[in-house]
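Trainee: One structure, as structure tokens, below. Some questions next.
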Amino acid sequence: MDTLDPASALHRITELTEAALADLAQASTPAAVAALRRSALGKSSPLAAVRRELGRYDPASRKQLGLALSAAHQRITSALDERRTVEPALEHPLDPTVPGLPPLTAGLHPVTQLRYDLDDAFRALNFEIVEGPEISSVEVEFDRLNFPPDHPARESMDTYWLADGRCLRPHLTGASVRYLSTHEPPIRIAYPGRVYRNESTDARHERAFFQYEVLVVDEAVPLATARFLVDAILGTVFGEPVRTRMRAGYFPFVEPGFEIDMACRVCTGRGCRTCGRTGWLELMPGGSPHPHVLRAAGLDPARWSGCYLNVGLDRLAMMRYGIDDVRLMHSADLRFLSQFS
């Protein structure tokens, strides 16, 4: 276009206006109409380019072209506004008889909810919540915990070994010694995390599961502390007293050691597949840290003692929510999660 010829500029404005109206007649969706508004009237539109050239014309021609541009802009705007009043707001016609989509109600995973509740409870008891690496070593997971070299837990059928000699942590207890090695007693820590064992899966066992460990190290810690901590854990989880029993148990890293069982809440103690038809569910090991473990952390067992508990969060969540198969919690099925909103 010859920008110094007002007649040519007027012709150009008319052409652009008619082309925009023709394109509007062909636009079939609200999105297409919105795109046309930008291309016909936006800052990068051809009409805007003509307006930017007005300064090159004489004053009389500039006024004539300005009026023509204003008229063109108004004509296109009116056509767009009229089209908007008759176009549906949706891309497709609305069918009010089609059932609506249910709202997304999936909440936190039950194990995550349980962990947060326990974290809050132990923070209120002045415990520190700590974390540790999921890839560990033989020294941390076995040697420092008083596992003899021929202990069956060292065999590959139980522990996932890596090519470089390290392993996926089979329990959280190694982190306790790691923490004791770098912190001075008195110590009160709670340590949640995931562990890995090469096990056959069934309603009560998985290859990857969550534990929650609690450790107290101080001078003259009575073993009765364990009963208080058990009550704190179960009271937080269930909001009421829970029937439990304590049995003598052997674990290389505690002396004395014990097992704590709770009455199965799925079957209320009558016996089901979750509790192996016994009415009881093995809940947590505990005890006082073994003197060898304290020495491995650089502590004098003649001065320091403690209390240790390690609860399986998956099993505890099963009891809290009445879940009868631990594999459901690792199924990645949103239908399962939607029950815990």
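Trainee: Note down the magnitude of the dipole of the chain about its Cα centre, charges +1 on Lys and Arg C-beta and -1 on Asp and Glu C-beta and zero elsewhere, to the nearest 20 debye.
Mentor: Taking the Cα centre of the chain as origin, the dipole is about 680 debye.
Trainee: Would you kindly find the accessible area of residue 135, with a 1.4 Å probe and non-protein molecules such as ligands, DNA and RNA excluded, rounding to the nearest 10 Å²?
Mentor: Approximately 80 Å² of residue 135 is accessible to the 1.4 Å probe.
Trainee: Report the one residue of 17, 173, 201 whose Cα lies farthest in the direction of the positive end of the charge dipole of the chain (charges on C-beta: Lys and Arg +1, Asp and Glu -1; origin at the Cα centre).
Mentor: Going by the Cα projections, it comes out as 17.
Trainee: Tell me which cysteines of the chain come out unpaired when the rule is another cysteine's Cβ under 4.7 Å.
Mentor: 167, 307
Trainee: In whole Å, what is the distance between the alpha-carbon centres of the stretch 275-341 and the stretch 215-229?
Mentor: 18 Å
Trainee: Mind ranking 292, 151 by accessible surface for me, highest first, 1.4 Å probe?
Mentor: 292, 151
Trainee: Report the residue, chosen from 256, 152, 96, that carries the largest GNM mean-square fluctuation when the chain is represented by alpha-carbon nodes joined by springs under 10 Å.
Mentor: Highest fluctuation of the listed residues: 96.
Trainee: Which residues' amide hydrogens lie under 5 Å from the amide hydrogen of residue 171, considering only partners 5 or more residues apart or on another chain, with H built in the peptide plane?
Mentor: 196
Trainee: Right, here's the next one. Would you please report the Å³ per residue occupied by the convex hull of the alpha carbon atoms in the stretch 218-278? Provide the component values of the computation, followed by the final result.
Mentor: Values: hull volume 6.8 nm³, N = 61.
So the per-residue Cα hull volume is 112 Å³.
Trainee: When only the heavy atoms of the protein chains count and the probe is 1.4 Å, how do 63, 43 rank by accessible area, highest first?
Mentor: 43, 63
Trainee: Running a GNM on the chain with Cα contacts under 10 Å, which residue among 30, 133, 185 ends up with the highest mean-square fluctuation?
Mentor: 30
Trainee: Go ahead and estimate [θ] at 222 nm for the chain from helices alone: -39,500 (n - 2.57) per DSSP H run with n ≥ 4, summed, over the residue count, rounded to 500. Intermediate results must be reported in sequence, preceding the final value.
Mentor: Working: 11 runs with 130 residues, N = 341.
So the calculated ellipticity at 222 nm is -12000 deg cm²/dmol.
Trainee: In what sequence, largest accessible area first, do 136, 28, 39, 44 appear using a 1.4 Å probe?
Mentor: Sorted by accessible area, descending: 44, 28, 39, 136.
Trainee: Provide the solvent-accessible area of residue 17, counting protein heavy atoms only and rolling a 1.4 Å probe, rounded to the nearest 10 Å².
Mentor: 10 Å²
Trainee: What net charge do the residues around residue 192 carry, taking every other residue with its C-beta under 10 Å from that of residue 192, with Lys and Arg at +1 and Asp and Glu at -1?
Mentor: -1
Trainee: Relative to the first principal axis of the alpha-carbon coordinates of the chain, what is the inclination of helix 59-86, with its axis defined by its Cα atoms, in degrees from 0 to 90 and to the nearest 10?
Mentor: So the inclination is approximately 50 degrees.
Trainee: How much solvent-accessible surface does residue 127 expose, in Å² to the nearest 10, with a 1.4 Å probe and all protein chains in place?
Mentor: Residue 127 has an accessible surface of roughly 20 Å² with all protein chains in place.
Trainee: Compute the relative contact order of the chain as a whole-number percentage, counting only Cα pairs closer than 8 Å that sit 6 or more residues apart in sequence. Provide the component values of the computation, followed by the final result.
Mentor: Values: 534 pairs, mean separation 55.6, N = 341.
Relative contact order here is 16 percent.
Trainee: Follow-up. Give the shape of the stretch 147-251 as rounded, prolate or oblate, defined through the alpha-carbon gyration tensor: a ≥ b ≥ c are the square roots of its eigenvalues, a/c under 1.5 means rounded, and otherwise the shape is prolate if a/b is larger than b/c and oblate if not.
Mentor: Oblate.
Trainee: Assuming 0.36 nm per residue, please report the length gained on full extension of the stretch residue 43 to residue 153 beyond their Cα-Cα distance.
Mentor: Residue separation times 0.36 nm, minus the Cα-Cα distance, leaves 32.4 nm.
Trainee: Separate question: Please report the Cα spread of the chain along all three principal axes, rounded to whole Å, starting with the longest.
Mentor: 106, 50, 41
Trainee: Please go through the stretch 115-196 and write out the GluC sites (Glu not before Pro) that DSSP classes as loop and that have at most 11 other C-beta atoms within 10 Å.
Mentor: Answer in residue order: 131, 155.
Trainee: Pairing the Cα long axis of helix 225-238 with the longest principal axis of the chain, what angle in degrees results, from 0 to 90 and rounded to the nearest 10?
Mentor: Computed tilt is about 40 degrees.
Trainee: Further question: Would you mind pulling out the separation of the Cα centroids of the stretch 144-208 and the stretch 122-140, in Å?
Mentor: Measuring centre to centre over Cα atoms gives 12 Å.
Trainee: Shifting gears a bit: For the stretch 321-329, what does the Karplus curve 6.51 cos²θ - 1.76 cosθ + 1.60, with θ = phi - 60°, yield as ³J(HN,Hα) per residue in whole Hz, taken in order and with x for Gly and Pro?
Mentor: 10, x, 8, 9, 8, 4, 5, 4, 6
Trainee: Rolling a 1.4 Å sphere over the protein heavy atoms, what is the accessible area per residue of the stretch 179-323, to the nearest Å²?
Mentor: 43 Å²
The values are calculated or read from the model by the stated rules, or taken from the named source; none is laboratory data. All figures in this text were calculated on a predicted structure; none of them were measured in a lab. Virtual Cβ from ideal backbone geometry, glycine too; neighbours counted across all protein chains shown. Side chains included, ligands, DNA and RNA excluded: accessible areas come from the protein's heavy atoms. Shrake-Rupley method; radii C 1.70, N 1.55, O 1.52, S 1.80 Å.
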